[in-house]
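> Have a look at this one before I ask anything.
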Amino acid sequence: MTQESELFRSGDALLVVDVQNDFCPGGALPIEDGDAVVPILNRWITAAVKADIPLYISRDWHPANHISFEEQGGDWPPHCIQDSNGARFHPDLRVPDHAITVTKGVRFDKDQYSAFDQTGLAEQLRKDAVTRVIVGGLAEDVCVRATVLDARKAQFEVLLLSDATRPVSAEGGEKARKEMREAGARLERIE
Ligand code: VGL
Ligand code: ZN
């Protein structure tokens, strides 16, 4: 078995996307097996802490009545409302104190699927001397996809942990994987 720590190199950051209660079974916008990513990401988080790899954890963090909600003409049921239980990280996700939270979805006028969308994350990663982001989380065909594509646009190398993500829909996942690969991301299941 490959140790996660052997895979890290200098310039890496681990980016965990939106592993929140509402995206897991029982939540407001549940993704099938969404919680299955938690133990896998915990291994990566533990390894990142040991290897001193910077750790960024994003969260979808909507105001009540956000424009992305169906009642407001958006695509989604209300989810990840600021400070609600559904917006909390999955209770089993190991979130170290020094992890940096990236908050998105707070804008009133537009949605932000990508953790890079008007968050300043690319600038922050460059300041941290990061050259490659290792990504996992939810959902593969929505926020993970947008985050990976933006990371490539910002010229970061990307390793998507393909066993540490799940799509909203199977077809969406297939399409997203193709797009992410074509954008130059490496998609790999590492064990
Ligand atoms: C997401 C749908 C709506 C996600 C966020 O984090 O993938 N999906 N808002
Ligand atoms: Zn959202």
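> Please pick out the residue among 133, 158, 144 that is in contact (Cβ under 8 Å) with a residue 60 or more places away in the chain, under 19 Å from residue 188 (Cα atoms) and more than 14 Å from ligand 1 (Cβ to nearest atom).
Residue meeting the stated conditions: 133.
> Could you go through region 69-77 and let me know if any residue there is touching a His at 6+ places or on another chain (Cβ under 8 Å), farther than 22 Å from residue 187 by Cα, free of Cβ contacts under 8 Å to residues at least 12 places away in the same chain and not in a helix (DSSP H, G or I).
Checked against the condition, which is being touching a His at 6+ places or on another chain (Cβ under 8 Å), farther than 22 Å from residue 187 by Cα, free of Cβ contacts under 8 Å to residues at least 12 places away in the same chain and not in a helix (DSSP H, G or I), region 69-77 yields at least one hit.
> Quick one: would you say residue 190 is touching a helix residue (DSSP H, G or I) at 6+ places or on another chain (Cβ under 9 Å), of a type outside the set (Asp, Glu), under 19 Å from residue 42 (Cα atoms) and at pLDDT below 95?
So residue 190 fits the description; yes.
> What are the residues in region 137-158 that are crowded, with 24+ Cβ neighbours inside 10 Å and part of a strand (DSSP E or B), if any?
137, 138
> Which pairs have Cβ atoms under 8 Å, sit 6 or more apart or on different chains, and link a residue in region 98-126 that is more than 12 Å from residue 147 (Cβ to Cβ) and of a type outside the set (A, V, I, L, M) to one that is more than 13 Å from ligand 2 (Cβ to nearest atom) and assigned to a loop (DSSP other than H, G, I, E, B)?
From region 98-126, the pairs are 103/119; 107/118.
Okay, residues lined up against (1) within 14 Å of ligand 1 (Cβ to nearest atom); (2) within 22 Å of residue 168 (Cβ to Cβ); (3) surrounded by fewer than 14 Cβ atoms within 10 Å (Cβ to Cβ):
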position: 47; (1), (2), (3): no, no, no
position: 50; (1), (2), (3): no, no, yes
position: 54; (1), (2), (3): no, no, no
position: 57; (1), (2), (3): yes, yes, no
position: 66; (1), (2), (3): yes, yes, no
position: 70; (1), (2), (3): yes, yes, yes
position: 78; (1), (2), (3): yes, yes, no
position: 81; (1), (2), (3): yes, yes, no
position: 99; (1), (2), (3): no, no, no
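> Residue by residue through region 101-130, note down the ones that are closer than 20 Å to residue 185 by Cβ, surrounded by fewer than 24 Cβ atoms within 10 Å (Cβ to Cβ) and of a type in the set (Phe, Trp, Tyr).
Once the filter is applied, which keeps residues that are closer than 20 Å to residue 185 by Cβ, surrounded by fewer than 24 Cβ atoms within 10 Å (Cβ to Cβ) and of a type in the set (Phe, Trp, Tyr), region 101-130 yields only 113.
> If I filter region 104-128 down to residues being assigned to a loop (DSSP other than H, G, I, E, B) and of a type in the set (Asp, Glu), which single residue comes out as nearest to ligand 2 (Cβ to nearest atom)?
111
> Same structure again: Among residues belonging to region 81-103 that are among the charged types (D, E, K, R), more than 16 Å from ligand 2 (Cβ to nearest atom) and modelled with pLDDT of 95 or more, point out the one that is nearest to residue 13 (Cα to Cα).
It comes out as 94.
> How many residues are more than 19 Å from residue 189 (Cα to Cα) and either away from ligand 2 (no atom under 16 Å from the Cβ) or touching a residue at least 12 places away in the same chain (Cβ under 8 Å) (or both) when one looks only at region 8-62?
28
The values are calculated or read from the model by the stated rules, or taken from the named source; none is laboratory data. Small disclaimer: the values here were computed from a predicted structure and weren't measured. Cβ sites come from the backbone with ideal geometry, for glycine too, and all protein chains shown count toward neighbours.
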